[in-house]
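*Asks:* My questions all concern the structure below.
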Amino acid sequence: VKKGEKVGSSEATLLSKLNINPFSYGFVILAVYDSGSVFTPDILDISDEDLAAKFQAGVSNVTAIALGASYPASIAVPHIISDGFKNVLALALETDVMFPKAEKIKEILADPSKWAAAAPAAASSAAPAAAAPAAA
């Protein structure tokens, strides 16, 4: 019999004749002592959501530090590229240098009604995507 293996009735009978019974070990935490402080067990109840939130906060801090130091960490690269695109777009809008995305933005800035026409289309395409998880 190996750990994690299911035991059939004949093996169980043999093990009981050999006086081998299944068992498990465990303990109940009443209190934790650390550096002169005593903590109750409810302090130790950490959910997966708590861990995910702490991890996300750490990732956000690393990203902020990398962006502030202009260090191209993998987590900061999308932000750096986005900021670079914004700078190139601003330069293109102020000069005669154009590229396809800048032309589209320049058209929208020249005629704001195109922006208003594009906004409902974007909102309507986002609405089914937002409703899909609620249905699941």
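*Asks:* All but one of (1) more than 30 Å from the chain's Cα centre (by Cα); (2) open to solvent by less than 100 Å² (accessible area, probe 1.4 Å) hold for K6; which doesn't?
*Replies:* Condition not satisfied by K6: (2).
*Asks:* Continuing with the same structure: Do any residues in the stretch 1-18 that are in a loop (DSSP other than H, G, I, E, B) have Cβ atoms under 8 Å from those of residues that are open to solvent by 100 Å² or more (accessible area, probe 1.4 Å), where the two are at least six apart or on different chains, and which pairs are they?
*Replies:* V7/V1
Listed here are the residues, each with its yes/no results for (1) modelled with pLDDT of 85 or more; (2) under 30 Å from E103 (Cα atoms).
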site	(1), (2)
L30	yes, no
V38	yes, no
I43	no, no
D50	yes, no
A53	yes, no
A66	yes, no
I80	yes, yes
F85	yes, yes
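*Asks:* Looking at A118, A90 in this structure, which one is in a helix (DSSP H, G or I) and modelled with pLDDT of 85 or more?
*Replies:* Among A118, A90, only A90 is in a helix (DSSP H, G or I) and modelled with pLDDT of 85 or more.
*Asks:* Would a scan of the stretch 36-44 turn up a residue that is within 30 Å of K6 (Cβ to Cβ), of a type outside the set (S, T, N, Q) and surrounded by 10 or more Cβ atoms within 10 Å (Cβ to Cβ)?
*Replies:* No, the stretch 36-44 contains no residue that is within 30 Å of K6 (Cβ to Cβ), of a type outside the set (S, T, N, Q) and surrounded by 10 or more Cβ atoms within 10 Å (Cβ to Cβ).
*Asks:* Scan the stretch 51-76 for residues that are loosely packed, with under 12 Cβ neighbours inside 10 Å and either among the hydroxyl-bearing types (S, T, Y) or part of a helix (DSSP H, G or I) (or both) and report the count.
*Replies:* 15
The values are calculated or read from the model by the stated rules, or taken from the named source; none is laboratory data. Everything quoted here is computed from the prediction, not taken from an experiment. Ideal geometry is used to build each Cβ from the backbone, glycine not excepted, and the neighbour counts take in all protein chains shown. Heavy atoms of the whole protein, side chains included, go into the accessibility calculation; ligands, DNA and RNA do not. Shrake-Rupley method; radii C 1.70, N 1.55, O 1.52, S 1.80 Å.
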